[in-house]
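The block underneath contains the structure these notes are about, expressed in structure tokens.
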Amino acid sequence: MFVPAGLHPARVERHQLAQIARAGADLFEIGLAHHDAGLDGPVIQAAYRSALNRGHVLARALRAVEHAAGLRPTVVMTYWGTVSQHGPERLARLLADAGAVGAMVVDLPYDQAECWQDAAKAANLSTPRLVPRHLADTGLATVAAGASGWLYAPASTGPTGYRGPLDVPALADFTTRLRAASPLPVVSGVGISTPALAERVAPLVDAVVIGTPVVRALMTAPEQAPALTAAFAQALNPYATTETRA
């Protein structure tokens, strides 16, 4: 389950994370707020603005990671601007010390990939990679070679929060290409807006990532977030993992 850090006060956030874990989330992806979240849609961007307005973004995120990691395996989703701001080595160590098992930089520049991978490896963090669907096979191989943990295959080519139809055959073709390029697990998210869509995508991948539907609930009707999480978890059963972020 994707949860943006700092959306609510720490006590409320801890309670929400515990409820979401009990409702069926097998893994947390904690979003580290960024002012230019270009790969995200309006819901997650609004959540990030709220977190930024609260201030102390990194400190709040580390507290969220620490609590989430006590409940479920936890990775962090962030943008390169944030990594650059805090320094790859320092940020990787802080995330690892807080209990994260990995961190995915969704817009990782090719010329910074080795730097980030070295910093993460030194901190014992995995480095999942988001793989754009348009990449040629040689590009897939390059990205896969620098990844660890998993490869992230967006179900939609749009931003997070996309609510239209999904081209499931195109996603199936893409996951086949990814499996040919790497033995890493393949995770999908982005545009998996309903439990029914999650059920259609699940057989193609090793894990499904849910985010915007639950983030929307956390922003507008937090009491509904556990039931929504449970609905996605039930739809994915008996498939492997319910993660975060769509």
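The values are calculated or read from the model by the stated rules, or taken from the named source; none is laboratory data. Computed from a predicted structure; not experimentally measured. Positions of Cβ are backbone-derived with ideal geometry, glycine not excepted, and every protein chain shown enters the neighbour counts. What goes into the accessible areas is simple: the full protein's heavy atoms, side chains included, and nothing from ligands, DNA or RNA. Shrake-Rupley method; radii C 1.70, N 1.55, O 1.52, S 1.80 Å.
Between Thr138 and Arg11, take the C-beta separation as r, use R0 = 51 Å, and let me know the FRET efficiency to the nearest 0.05.
The pair Thr138/Arg11 has a calculated efficiency of 0.55.
Could you tally the net charge around Ala46, taking each other residue with its Cβ under 11 Å from the Cβ of Ala46, Lys/Arg +1 and Asp/Glu -1?
Residues close to Ala46 contribute a combined charge of +1.
Please get the size of the charge dipole for the range 1-112, origin at its Cα centre, with Cβ charges of +1 on Lys and Arg and -1 on Asp and Glu, quoted in debye to the nearest 20.
The dipole magnitude comes to about 520 debye.
For every other residue with a beta carbon closer than 14 angstrom to the beta carbon of Ser84, add +1 if it is Lys or Arg and -1 if Asp or Glu, then tell me the sum.
-3
If you roll a 1.4 Å probe over the heavy atoms of the protein chains, what accessible area per residue do you get for the chain, in Å²?
So the chain comes to 41 Å² accessible per residue, rounded to a whole number.
Taking 0.36 nm per intervening residue step and subtracting the Cα-Cα distance, what contour gain separates Ala18 from His86 on full extension?
Length gained between Ala18 and His86: 21.6 nm.
Give the relative contact order (percent, whole number) for the range 110-156; include only Cα pairs under 8 Å separated by 6+ residues.
Over the range 110-156, the number comes to 42 percent.
Given Cα pairs under 8 Å that are at least 6 residues apart, what percent is the relative contact order of the chain?
The normalised contact order for the chain reaches 22 percent.
Hey, got the dipole for the chain? About the Cα centre, +1 on K and R Cβ, -1 on D and E Cβ, debye to the nearest 20?
540 debye
Hey, any idea what % of the chain's accessible area is carbon plus sulfur with a 1.4 Å probe?
Carbon and sulfur atoms account for 53 percent of the accessible area of the chain.
If you take the alpha carbon radius of gyration of the chain and divide it by 2.2 N^0.38 Å, what ratio comes out, to two decimals?
Computed over Cα atoms of the chain, the ratio equals 0.92.
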